[in-house]
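The values are calculated or read from the model by the stated rules, or taken from the named source; none is laboratory data. Predicted model, so just to flag it, every value in this text is computed and none were measured. Every residue, glycine as well, gets a Cβ built from its backbone with ideal geometry; the counts of neighbours run over all protein chains shown.
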Amino acid sequence: MKPIREVEGRAIPLGLKNVDTDVIIPAQYLKTITRKGLGRGAFETIRAQPGNVFDDPEYKGANILIAGDNFGCGSSREHAAWALGDLGIDAVIAPSFSDIFSGNAFKNGILTVVLPQEAVDRLLEVAKTHPIGIDLENQTVTTPFQDRFRFEIDPFRKHCLLNGLDEVGMTLAQDAAISTFEGRMAADRPWL
Amino acid sequence: MADAPRTIFQKIWDAHVVATLAGGNALLYIDRHLLNEVTSPQAFEGLRLAGRRVHRPGGTIAVADHNVPTENRHLPIADADSRIQVETLERNVAEFGIPYVPLRGRAQGIVHVIGPDLGLTLPGLTIVCGDSHTSTHGAFGALAFGIGTSEVEHVLATQTLIQKQARNMLVRVNGRLPAGITAKDLILAIIGRIGTAGATGYVIEYAGEGIEALDMAGRMTVCNMSIEAGARAGLIAPDDTTFAYLQGRPLVPAGEAFETAKASWRALRSDPGASYDKVIDIDATGIAPMVTWGTNPEAVVTIADRVPDPEAMPDSAAAGQARQMLKYMALEPGTPLAGLPIDVVFIGSCTNSRIEDLRAAAATIGDGHVASGVRALVVPGSGAIKAQAEAEGLDLIFKAAGFEWRDAGCSMCLGMNPDRLKPGERCASTSNRNFESRQGPGGRTHLMSPAMAAAAAVAGHIVDVRRFG
């Protein structure tokens, strides 16, 4: 995974609440055996509507998405994160995220930034005309108008994102601890 | 500290921590891992690219369910993409030595149905699967939750996951459900109360008389839909109902080993005085049949209610969302839910496809017939359940009534296989999600219990099952 320090660019002001993973990537696009190319199905139902933000030339090339509460609720499909990545999205800003989605985004190097609704509302306004900056190291979101919003992030996730760490590789380094644990479990639960 | 009262969640968590990591994270040991064809191919690809092996192949079991046809199972899968996904799963499990439940065998079925069916799901275990409804297995007092594909890869490679401990919510169900009211009505009422994000960041423990009185099928229905309230896991302390269900299943320890296990499982309950981050009280005695009207499961009312009026909602954001939902659902505020005509009935999914669900639906149908113009499907949760239903003659009731009697799979719950709603069709469904286009592009879903769905099939419109027949 490539390290992330800053994300800067135009943001798509989606703003909707409860955007579920069926909206992010409908089920018919899950019939794939690779991670690639899912952007073509991303937000299909929204994109079918004329004047939608995803096809607005104003936001062409945008790499940030701003949404409402509970973004990514519903299924565990990591295809949602892959689809966003395929659209060129590096970060999503919302007042809250579903747990599984934020984990999936993190594993794919997509930042999920949680900010209070008032801050998200302000960013939705700014995004219509100006770029937004996210600084992971300093945990801030800034605008060209001197807005500065601090966000919280799990220190472990921050460390992994800043350094582009591979979780599986890190865990495999704990192989001895896993084996010891398995030995103890076998003794504690002989029926398994 | 060792003597501090703990919740069942805390006990299972503590028993599975392999190592403590920075920032309150832990390396958590995973006892059982379930695989499906949709969320696993990229995980195997990742292993292959990194030259990694599967840490404990016997800790995983695979089955194709999401994408499989539910009729003409003897023929090759017609949809090329679906066929490739199933073949890819079969190739991957063969290459990595993972046990597989074959598509054309009697044991095949929805992964969350066959786990308990086979006795793979046991109290005190950690169970994960690349599917959000893994929460189902919590009904046995297991810590079970859905994961993404990167996590599937992590479990395959290490039999562990890096997790931050969730907060703990207690949902206390006081009193018993009235006659004719089901676990589905209960969980829909709970979601209606706390909201689709009400339990985000929490593991829910369900307890109280109303939960203890449920059979295992009902408990699975409740835990299954925990994710629809945002909780990755829901769990229920195991008791005699749990042990009676488990005893004798193929993969449950037998004889003396069962007694040893049972003695240990009895300790899997929250200690008196254990504290929770949040407690919700629900009065089971006041619950009525529930039906969703909108496009997420919290948009739910009782069968006696009318479609809500967005103009009467105090919160403008909620009103805006409700207007959008009503537009999609083609509903007018103030319309009674009872009497709403439907086009399709779907009885199935990991929420409601067990033998108890099929019995309830068949009992409601009696000698009735599916209303003209209504298409109705019954999709049993597993081949074993289908066979059981046939042994009981339930298939004859469904077929005589005009229902299609299908093979097991996820089917119209998410419409990945050919079982899909057409645009604009309105469906009475026993599944778990009423999201826009979930059951097929443009389809309109009303979630309800199996008995309510069966009654709707016969009536041709949504109807109060208590006044039916």
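When you go through B:M416, B:M412 one by one, which is the residue that is assigned to a loop (DSSP other than H, G, I, E, B) and either under 21 Å from the mean Cα position of the chain (by Cα) or closer than 18 Å to A:Q28 by Cβ (or both)? If you could, list the steps in order and put the result at the bottom.
Details: B:M412 fails: assigned to a loop (DSSP other than H, G, I, E, B).
When all the criteria are applied, what remains is B:M416.
Scanning segment B:113-168 for residues that are more than 9 Å from chain A (Cβ to nearest Cβ) and assigned to a loop (DSSP other than H, G, I, E, B), which turns out nearest to A:I153 (Cα to Cα)?
It comes out as B:Q165.
Would you be able to tell me the number of residues in segment A:29-61 that are within 14 Å of another protein chain (Cβ to nearest Cβ), part of a helix (DSSP H, G or I), among the hydrophobic types (A, V, I, L, M, F, W, C) and over 17 Å from the mean Cα position of the chain (by Cα)?
Matching residues across segment A:29-61 total 2.
Suppose we filter B:D305, B:D357, B:D367 for residues that are among the charged types (D, E, K, R) and buried (at least 24 other Cβ atoms within 10 Å of the Cβ); which single one remains?
B:D357
Scanning for something within 14 Å of chain A (Cβ to nearest Cβ), of a type outside the set (G, A, S) and not in a helix (DSSP H, G or I), does segment B:346-366 turn up at least one residue?
Yes: segment B:346-366 contains one or more residues that are within 14 Å of chain A (Cβ to nearest Cβ), of a type outside the set (G, A, S) and not in a helix (DSSP H, G or I).
From the residues in segment A:150-167 that are outside any loop (DSSP other than H, G, I, E, B) and surrounded by fewer than 17 Cβ atoms within 10 Å (Cβ to Cβ), which one is farthest from the other protein chains (Cβ to nearest Cβ)?
Only one residue tops the list, namely A:R150.
Residues that are under 21 Å from the mean Cα position of the chain (by Cα), at least 2 per element: which helices (runs of 4 or more DSSP H) completely within segment B:211-313 meet that?
Because the criterion is at least 2 residues that are under 21 Å from the mean Cα position of the chain (by Cα), the helices (runs of 4 or more DSSP H) in segment B:211-313 that meet it are B:216-224, B:240-246.
I'd like to check something: does segment A:69-76 contain any residue that is surrounded by fewer than 24 Cβ atoms within 10 Å (Cβ to Cβ) and more than 8 Å from every other protein chain (Cβ to nearest Cβ)?
Checked against the condition, which is being surrounded by fewer than 24 Cβ atoms within 10 Å (Cβ to Cβ) and more than 8 Å from every other protein chain (Cβ to nearest Cβ), segment A:69-76 yields no hits at all.
Are any residues in segment A:82-94 more than 10 Å from chain B (Cβ to nearest Cβ) and not aliphatic (A, V, I, L, M), and if so, which ones?
Pass one, segment A:82-94, residues more than 10 Å from chain B (Cβ to nearest Cβ): A:83-94.
Scanning segment A:82-94 gives A:G85, A:D86, A:G88, A:D90.
Looking at the structure I just gave you, is B:A139 among the aliphatic types (A, V, I, L, M) and closer than 29 Å to A:K107 by Cβ?
yes
Of the conditions (1) in a helix (DSSP H, G or I); (2) farther than 23 Å from A:G37 by Cβ, A:A83 clears all except one; give me its number.
(2)
Taking the conditions exactly as written (of a type outside the set (D, E, K, R), part of a loop (DSSP other than H, G, I, E, B) and closer than 26 Å to B:E298 by Cβ), does A:S76 satisfy them or not?
Yes; evaluated as a whole, the condition is true for this residue.
Give segment B:429-469 a look and list any residue that's in a helix (DSSP H, G or I) and either touching a residue at least 40 places away in the same chain (Cβ under 8 Å) or among the aliphatic types (A, V, I, L, M) (or both), or say none.
B:P450, B:A451, B:M452, B:A453, B:A454, B:A455, B:A456, B:A457, B:V458, B:A459, B:V465, B:R466
Kindly state which strands (runs of 3 or more DSSP E) lie completely within segment B:1-111 and contain at least 3 residues that are away from chain A (no Cβ under 14 Å), on the phi < 0 side of the Ramachandran plot and modelled with pLDDT of 95 or more. Steps first, please.
Details: elements: B:17-20, B:25-29, B:32-35, B:60-63.
Per the criteria, B:60-63.
One residue is enough: does segment B:219-237 have a residue meeting the conditions within 12 Å of another protein chain (Cβ to nearest Cβ), in contact with a Pro (Cβ under 6 Å, 6 or more places away or on another chain) and at negative phi?
Yes, segment B:219-237 contains a residue that is within 12 Å of another protein chain (Cβ to nearest Cβ), in contact with a Pro (Cβ under 6 Å, 6 or more places away or on another chain) and at negative phi.
Looking at A:T143 and the list (1) of a type outside the set (A, V, I, L, M); (2) closer than 21 Å to B:V128 by Cα; (3) modelled with pLDDT of 95 or more; (4) touching a helix residue (DSSP H, G or I) at 6+ places or on another chain (Cβ under 6 Å), which single condition is not satisfied?
Going through (1) of a type outside the set (A, V, I, L, M); (2) closer than 21 Å to B:V128 by Cα; (3) modelled with pLDDT of 95 or more; (4) touching a helix residue (DSSP H, G or I) at 6+ places or on another chain (Cβ under 6 Å) one by one, A:T143 breaks only (2).
Counting just the residues of segment A:168-184 that are in a helix (DSSP H, G or I) and facing chain B (nearest Cβ under 7 Å), which one comes out nearest to B:K262 (Cα to Cα)?
Out of the qualifying residues, it is A:F181.
For segment A:79-119, how many residues are more than 10 Å from the chain's Cα centre (by Cα), of a type in the set (S, T, N, Q) and crowded, with 20+ Cβ neighbours inside 10 Å?
Here the count works out to 2.
Where residues in segment B:11-41 are of a type in the set (S, T, N, Q) and surrounded by fewer than 21 Cβ atoms within 10 Å (Cβ to Cβ), which of them is farthest from A:F156 (Cα to Cα)?
Only one residue fits best here, namely B:T20.
Condition first: in contact (Cβ under 8 Å) with a residue 40 or more places away in the chain, surrounded by fewer than 19 Cβ atoms within 10 Å (Cβ to Cβ), facing another protein chain (nearest Cβ under 8 Å) and within 18 Å of the chain's Cα centre (by Cα). Can you find one or more residues in segment A:130-145 that meet it?
no
Residues in segment A:35-51 that are among the small types (G, A, S) and either surrounded by fewer than 19 Cβ atoms within 10 Å (Cβ to Cβ) or over 19 Å from B:G148 (Cβ atoms) (or both): how many?
Number of matching residues: 4.
Quick one: which of A:F97, A:F106 is at pLDDT 95 or above, within 12 Å of chain B (Cβ to nearest Cβ) and in contact with a Phe, Trp or Tyr (Cβ under 6 Å, 6 or more places away or on another chain)?
Unique residue meeting the criteria: A:F97.
Cβ-Cβ under 7 Å, sequence separation 6+ or interchain: first residue in segment A:3-28 and more than 7 Å from chain B (Cβ to nearest Cβ), partner crowded, with 23+ Cβ neighbours inside 10 Å and among the aromatic types (F, W, Y). Which pairs?
As it stands, the answer is A:V19/A:F71; A:T21/A:F101; A:I24/A:F43, since those pairs meet every condition given.
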